[in-house]
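First up is the structure itself, then whatever we jot down about it.
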There are 2 protein chains.
Amino acid sequence: MSDDARAAITLTFLPSGKRTEVPCGTTLIDAALRLGLEIESLCGGAGLCGRCRVQLIAGSLPVTPADRENLTAAELAQGFRLACAAQPDADCTIEIPVPAAQGEIVSAGAGREVPLDPAMRRVPLRLHPPTLEQGPSDLEVLMTALPAGTGMPPLSLLQRLPRLLRDGGWRGDAILLEGRLIDFQIARQPLCGLAIDLGTTTVVAKLIDLESGQVLSTAAGLNRQRRYGEDVIARVGHANAHGPAELQGLIVSQLNEMVDELTAEAGITRDSIFTAVVAGNTVMEHLLLGLPPRHLAEMPYVPVIREFPPVAAREIGLRLHPEAQLTLMPVLGKFVGGDTAAVLLTLAGRLDETWLAVDIGTNGEILLCHRGRIWTTSAAAGPAFEGAHIGVGMRAAAGAIERVWWRGDHLEVRVIGGGKASGLCGSGLIDAIAALLEAGALDASGRLAAGHPLVELLPAAGTLPDQLAARLAPGVLLTQRDIRELQLANAAIAAAIELLLQAAGLRAADLEHLFLAGAFGQYLSPQAALRIGLLPPVAPEIIKFIGNAACRGAEMGVVNSGERRQIAALAGEVEYVEVAAGADFQECFAEKIRFGRG
Amino acid sequence: MSDDARAAITLTFLPSGKRTEVPCGTTLIDAALRLGLEIESLCGGAGLCGRCRVQLIAGSLPVTPADRENLTAAELAQGFRLACAAQPDADCTIEIPVPAAQGEIVSAGAGREVPLDPAMRRVPLRLHPPTLEQGPSDLEVLMTALPAGTGMPPLSLLQRLPRLLRDGGWRGDAILLEGRLIDFQIARQPLCGLAIDLGTTTVVAKLIDLESGQVLSTAAGLNRQRRYGEDVIARVGHANAHGPAELQGLIVSQLNEMVDELTAEAGITRDSIFTAVVAGNTVMEHLLLGLPPRHLAEMPYVPVIREFPPVAAREIGLRLHPEAQLTLMPVLGKFVGGDTAAVLLTLAGRLDETWLAVDIGTNGEILLCHRGRIWTTSAAAGPAFEGAHIGVGMRAAAGAIERVWWRGDHLEVRVIGGGKASGLCGSGLIDAIAALLEAGALDASGRLAAGHPLVELLPAAGTLPDQLAARLAPGVLLTQRDIRELQLANAAIAAAIELLLQAAGLRAADLEHLFLAGAFGQYLSPQAALRIGLLPPVAPEIIKFIGNAACRGAEMGVVNSGERRQIAALAGEVEYVEVAAGADFQECFAEKIRFGRG
């Protein structure tokens, strides 16, 4: 059907007030995307997850079968619709819920300090113009004033060089990147770098002045690739079906806009950014470079590359200085990607100690270090820890229960933002399980105790049969099915940690430190995580939060080029342990399925 | 005036039959250029040189003031017009004279033989696909099968690699360029290189199979930048006024079309061309890279660069293999460019001998070698040797007198193509002067002898006063003014050679060889050149023709990467001698203005 054959209608989106004219029959999610508006979606627009609900404010919007399946009659009456299925046939005004997680994105990191030693160098010069007798070229005049062995400049600089030298009166600053001449500034501009934490869900970027080490500005946003699914497997599926270019384009344009934001805030131009370091998981890094991630998701799970060569930022369409270099943190093995490499870099001062570092998410990445040897593995936990597949699950946003305590005769909860509870985020979920175990409302096998005051019977609804549920707060019911989901995720992580310790010949008691990385780790209650058996049995005091260590590792790579060399060297030494493939895993997983004290 | 305001007319150009619709008032030269048709022009379309004459075959074409100044009444009646000034106001059919030089372009070279040792290498591989236990990436599987130290591949190959490895069943040929992995072929394709002789007037390109050393095809054409003037100074002027991009675009698009031609003839694709070596003069090489040549033409004559770094062919828009590398022969000093460097390369086996190598053209380049030391200089001879500024001058094309002998009582001439003489090419000009000196029709001071049977008095014409002229053939009159032009050019070259010898502390008698390079040298009569004093007094038998040595040098660079390193090293050792600036030059020039036996 050609667009021309369809009548055009006008859509207005709140709260932004953005307006667009689209052919009748366009889905709301597509129309919003074209305007650059974010609508949450877990299922990639398949009408399954119900996350993309929007509210009709004015005009009309037919109810679809997907709406009937996911929304209550009351919600439909209030004008709620799923944006992925909704196809307006008349002008209307639509309210998109404000993306909830934004307020809670962790962009502050923790880790060792590194000295300022960037890949860039400024060399102020006063040159001697060529004379008739001496026959050097413009370039020779410049190169002879620079250290021997300085690399030849790019064509783009050569094209501008004669004018720069003469306009600047043969004075200016040569800019060297990794020992190569890449620019000549006749008006001094700052030398900056960019640290990018490229998450599946959130993207954080920091602009750093490389002559002071100061962070000039920080930007964060939800990864726009989420339009094609929340998790990496959905993204791989999209790349398999449509090629990686579309997903690459989405993230690159998002990064370009973040750079606009960062530079505007800092009052500099893009031309002042000479280097960028990216820490992302294996799939995110592959997609950023337009590399097909297909074989990562198929046996035997093969990345295209683990140690990325430096890439010209312009080669992927990232608009920084024309010669800016993009470095991606190396993949440590299969799904243990550059984000984990960046975490490792922040811990590189402790390689003679014995420690475990865990980043829990849809994919859990685990690092183990003992006497200079490093092991790693990953566990596919599924999205339960991020609140997905959990009826009342939600991201760590206003209204989410983040803490639960059993007070002997009742549950006490803490809600993000302090208002009424509307769901549970990942940390709250683990707290809730621990509290229910304490209360005796849940047994170690994961069964809710019928008849317990916290437990009630939910009547069958839709395709779901009758089931038990624990009431955490008014309207927030954690069902037996939800608990089973969490139980599987919990066992996957716990078994992977156990097997990694076994592979290294270590026991939990040998650990001197247990580092929790990532936004999830930041909010986790160590006691609850130990109580449900997510973490191995260690003394709670050795558990340390290192926050967004991936971002911090990227920052270290930006400000100190020796750190980039160090992580490249370390990556080659890390031993990847394939835990999930063996029979051991099945056995260990079956043990860990029981909630326990470790 | 907007194009829309003018009526459109249809122009048909013969012999190609190409047709275009243009706004009334468009000049013929512009219309032809848009169709990709060549019209000769020396003055850059200023209505001065009269070279762009075309003939009206059908329709009408108003006579312009430029036509009246440059063409006779008979020519006007026959429909001849200057294409640069002609602005047709009605449909017409125009005949463009077939470019004359095409038939005589020298694309065969001479020089030492070099072994086949290109920068490219094919490594046939049978790889072991990754297993679940071993966790390498696709790239590691490939890299571990290649020599240690092999450079990382470009992003474009990484993007294709997973599919190539699996489609090829983990077998194929890795292609290395300068030790870097740049391609993986699962269907074997040839490895080719391109040698380009980038002349101000003509461009010659050869496609070479780098596994056999065989020249697969050769293409030649007139440099399309000629539309903006015949000589380098006119091109610099255009670049100064409009930026170098337009001239760069013209030559790059011409090279791309030549590559089309070369690959079609050889039955290969562009993707098989991995390397290109260009030998051009300083201005041509600067323009090819889009470098502003302004300061080359202004005191103190400074090139942007002398030793060009390798450039990605795609960076200048040259469409070969996406990773193909373009190497430009180094500039030896100021106007002694990469074409002379290529000549030097062909003579690099004789560095322990004593020789002079001369390439005579609008700019004369001179190399002198003695016991391992190399000196060079250039002399601005003006276009007389190429037949310009000479009334009956023309390029070495059908109808040109190329040889003149004094047979005691009459002149004998040899005409290219054997037909009726219509003018004199450069070599014929020098022969003619020598013959007139022999005949006593001309004295050493350059004065024609009034009363000599070969000499007659031409009545004043246009702005020209009465003057003497020598009749070389029916209708071919060499005027006193023409002789003065040649005399200046002759003295410029002779003085530069003399001063270069002096700078090296050598005399003509010390020379073991005198090499004549370039198309002009190819046709020069050594005896005549010695007779008029163009060459220093040496025994005629030491004079050797080395033909299009610039092209040959480029070929050597293509087939053997060691040769590229050698010329880069040699270029750093060559001593540029600034002969034209000193008082010595004025004195020497004044001596050499006399035609003599040297």
- Among the residues of the range B:275-313, which ones are of a type outside the set (V, I, T), crowded, with 24+ Cβ neighbours inside 10 Å and in contact with a strand residue (DSSP E or B) (Cβ under 6 Å, 6 or more places away or on another chain)? B:A276, B:A279, B:G280, B:M284, B:E285, B:F308, B:A313
- Note on the structure: In the range B:509-522, residues that are surrounded by 17 or more Cβ atoms within 10 Å (Cβ to Cβ), of a type outside the set (S, T, N, Q) and in a helix (DSSP H, G or I) total 4
- A:A528: passes all of (1) surrounded by fewer than 18 Cβ atoms within 10 Å (Cβ to Cβ); (2) part of a helix (DSSP H, G or I) but (1)
- Answer with yes or no whether B:A580 is touching a Ser or Thr at 6+ places or on another chain (Cβ under 9 Å), assigned by TED's automatic domain parsing to the domain that holds B:Q527 and surrounded by fewer than 23 Cβ atoms within 10 Å (Cβ to Cβ). yes
- Message: Can you find a residue that is closer than 23 Å to A:R407 by Cα and outside any helix (DSSP H, G or I) anywhere in the range A:479-492?
- Response: yes
- Item | Members of the range A:300-347 that are among the small types (G, A, S) and within 15 Å of A:W375 (Cβ to Cβ) | A:G333, A:A341
- B:Y576 passes all but one of (1) within 14 Å of chain A (Cβ to nearest Cβ); (2) free of Cβ contacts under 8 Å to residues at least 40 places away in the same chain; (3) of a type outside the set (S, T, N, Q); which number fails? (2)
- Message: Can you say whether A:D443 is more than 30 Å from A:N281 (Cβ to Cβ) and at pLDDT below 90, as far as the supplied structure shows?
- Response: no
- Task: Please tell me if A:L328 is closer than 22 Å to A:E563 by Cα, touching a Gly at 6+ places or on another chain (Cβ under 6 Å) and more than 10 Å from every other protein chain (Cβ to nearest Cβ).
- Result: yes
- Message: Quick check on my filter: what residues within the range B:113-124 are surrounded by 17 or more Cβ atoms within 10 Å (Cβ to Cβ) and among the aliphatic types (A, V, I, L, M)?
- Response: B:V114, B:A119, B:M120
- Task: Give the number of residues within the range A:128-156 that are within 12 Å of another protein chain (Cβ to nearest Cβ), hydrophobic (A, V, I, L, M, F, W, C) and assigned to a loop (DSSP other than H, G, I, E, B).
- Result: 2
- Only one residue in B:A568, B:A581 is within 14 Å of chain A (Cβ to nearest Cβ), of a type in the set (A, V, I, L, M) and assigned to a loop (DSSP other than H, G, I, E, B), so which one is that? B:A581
- Inside the range B:573-591, can you point out the residues that are touching a Phe, Trp or Tyr at 6+ places or on another chain (Cβ under 8 Å) and charged (D, E, K, R)? B:E575
- Message: Quick test for you: out of B:A496, B:A554, pick the one residue that is buried (at least 20 other Cβ atoms within 10 Å of the Cβ), in a helix (DSSP H, G or I), modelled with pLDDT of 95 or more and touching a Gly at 6+ places or on another chain (Cβ under 8 Å).
- Response: B:A496
- Query: Identify, please: which residue in the range A:535-551 is in contact (Cβ under 8 Å) with a residue 60 or more places away in the chain and of a type in the set (G, A, S) and is, among those, surrounded by the fewest Cβ atoms within 10 Å (Cβ to Cβ)?
  - Reply: A:G547
- Message: Tell me whether the range B:413-424 contains one or more residues that are part of a loop (DSSP other than H, G, I, E, B), in contact with a Phe, Trp or Tyr (Cβ under 8 Å, 6 or more places away or on another chain) and either of a type in the set (A, V, I, L, M) or not assigned by TED's automatic domain parsing to the domain that holds B:V476 (or both).
- Response: no
- Among (1) within 14 Å of chain B (Cβ to nearest Cβ); (2) under 26 Å from the mean Cα position of the chain (by Cα), the one test that A:D209 misses: (1)
- Here the residues within the range B:468-504 that are touching an Asp or Glu at 6+ places or on another chain (Cβ under 7 Å) and in contact (Cβ under 8 Å) with a residue 24 or more places away in the chain are B:L499
- Would the range A:561-572 turn up any residue that is of a type in the set (D, E, K, R), within 13 Å of A:A342 (Cβ to Cβ) and crowded, with 20+ Cβ neighbours inside 10 Å? yes
- Task: Would you mind telling me which numbered condition in (1) under 22 Å from A:V558 (Cα atoms); (2) among the small types (G, A, S); (3) within 14 Å of another protein chain (Cβ to nearest Cβ) A:A239 fails?
- Result: (1)
- Note on the structure: Per the filter on the range B:266-296, residues among the small types (G, A, S) and within 15 Å of B:V336 (Cβ to Cβ) are B:A279, B:G280
- Item | In the range A:396-412, residue surrounded by the most Cβ atoms within 10 Å (Cβ to Cβ) [restricted to those that are in a loop (DSSP other than H, G, I, E, B) and either acidic (D, E) or touching a residue at least 24 places away in the same chain (Cβ under 8 Å) (or both)] | A:A396
- Quick one: which residue in A:A569, A:A529 is free of Cβ contacts under 8 Å to residues at least 24 places away in the same chain and within 27 Å of A:G280 (Cβ to Cβ)? A:A569
- Over the range B:294-309, the set of residues free of Cβ contacts under 8 Å to residues at least 60 places away in the same chain and within 10 Å of chain A (Cβ to nearest Cβ) is B:R294, B:H295, B:M299, B:P300, B:Y301, B:V302, B:P303, B:V304, B:I305, B:F308, B:P309
- Message: Here are the criteria: (1) buried (at least 24 other Cβ atoms within 10 Å of the Cβ); (2) of a type in the set (K, R); (3) part of a loop (DSSP other than H, G, I, E, B). Tell me which single one A:R594 does not satisfy.
- Response: (1)
- Task: Residues being among the hydroxyl-bearing types (S, T, Y) and out of contact with any helix residue (DSSP H, G or I) (no Cβ under 7 Å at 6 or more places or on another chain): count how many of those fall in the range B:328-360.
- Result: 1
- Considering only the range A:316-325, state which residues are within 12 Å of chain B (Cβ to nearest Cβ) and among the small types (G, A, S). A:G317
- B:G213 meets each of (1) assigned to a strand (DSSP E or B); (2) on the phi > 0 side of the Ramachandran plot with one exception, condition (1)
- A:R180 passes all but one of the listed conditions (1) more than 14 Å from chain B (Cβ to nearest Cβ); (2) under 34 Å from the mean Cα position of the chain (by Cα); (3) among the basic types (K, R); the exception is number (1)
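The values are calculated or read from the model by the stated rules, or taken from the named source; none is laboratory data. Quick caveat, the model's predicted, so the values are computed rather than measured. Note: ideal-geometry Cβ built from the backbone for every residue, glycine included; neighbour counts use all protein chains shown.
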